[in-house]
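The values are calculated or read from the model by the stated rules, or taken from the named source; none is laboratory data. The structure presented is a predicted model; accordingly, all values stated were derived computationally and were not measured. Using ideal geometry, Cβ is built from the backbone for each residue, glycine included, and neighbour counts are taken over all protein chains shown. Side chains are part of the model used for accessible areas, which takes the heavy atoms of the whole protein and leaves out ligands, DNA and RNA. Shrake-Rupley method; radii C 1.70, N 1.55, O 1.52, S 1.80 Å.
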Amino acid sequence: MFRHSTRPLGALVGIALTVLFATGCAAGAAPQGQDAAPVPDDQIASLETAAPEKTATEDPLIAEYGEPVRLRLDMTDEESEAAWQPRERCLADRMPKATITGGQDSGVGVATNDDPGAAAEAEAFCMKFAPLPPHELDAQNPDALRFAQNVVDCLHAAGVRYVEITPADEFGQIAFAFGGEQNDSTSISLGMAKVDGCVADVSGGAR
């Protein structure tokens, strides 16, 4: 089977009440029947508030690797590759170096990872920088299965006999599998040729 794979307010109020209270007391002390003398402008108290201090709220890891974006069905290959770069940079920094074994005479060998636990840890850590799936195929979207079924119906109409919706992958994206248990080669080749067009048709024009 082949798989297609965003100063405290209370203190100011207290100060204001204090100013009002003091003004009221001064007014009460004035002789009855006489208007209180106006206070010169340069003696009127004013409240000054300090500018709020800036706080560092940006995640330093996001600043280092870049913030993940949501993929779109109409992205170009270049845009899609750029969307995966934050995760790729993270993996390049944290993935254990592979060891080349065998083929010493020819200079060609097999790359093996001597620490699979550390590799899995790097994969899990860098997952936060992977792009989000297209909304139409995001397993978190309650309409995603309906969208996927419409794509399957389109593929059936195009002659693809064996196609099914796959469970979401590790990135949360629903995809399609072609060929069935028989690994029907016609369904695989025709499905791969038609799937993008069916996705575009169902989505209303997105590639």
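Sub-6 Å Cβ pairs linking a first residue in segment 60-89 that is more than 18 Å from CYS126 (Cβ to Cβ) to a second residue that is open to solvent by less than 80 Å² (accessible area, probe 1.4 Å) and not in a helix (DSSP H, G or I), at least 6 apart or interchain, are ARG72/PRO134; LEU73/PRO134; LEU73/ALA206; ASP74/ALA206, ordered by first then second residue. Of all the numbered requirements in (1) in a helix (DSSP H, G or I); (2) open to solvent by 40 Å² or more (accessible area, probe 1.4 Å), ALA148 misses one, and that requirement is (2).
Annotation note: of ALA175, ALA158, the sole residue that is within 30 Å of ALA120 (Cα to Cα) and surrounded by 15 or more Cβ atoms within 10 Å (Cβ to Cβ) is ALA175. Being out of contact with any Gly (no Cβ under 9 Å at 6 or more places or on another chain), closer than 23 Å to ARG87 by Cβ and outside any helix (DSSP H, G or I), is that true of even one residue in segment 182-199? No - not one qualifying residue is present in segment 182-199.
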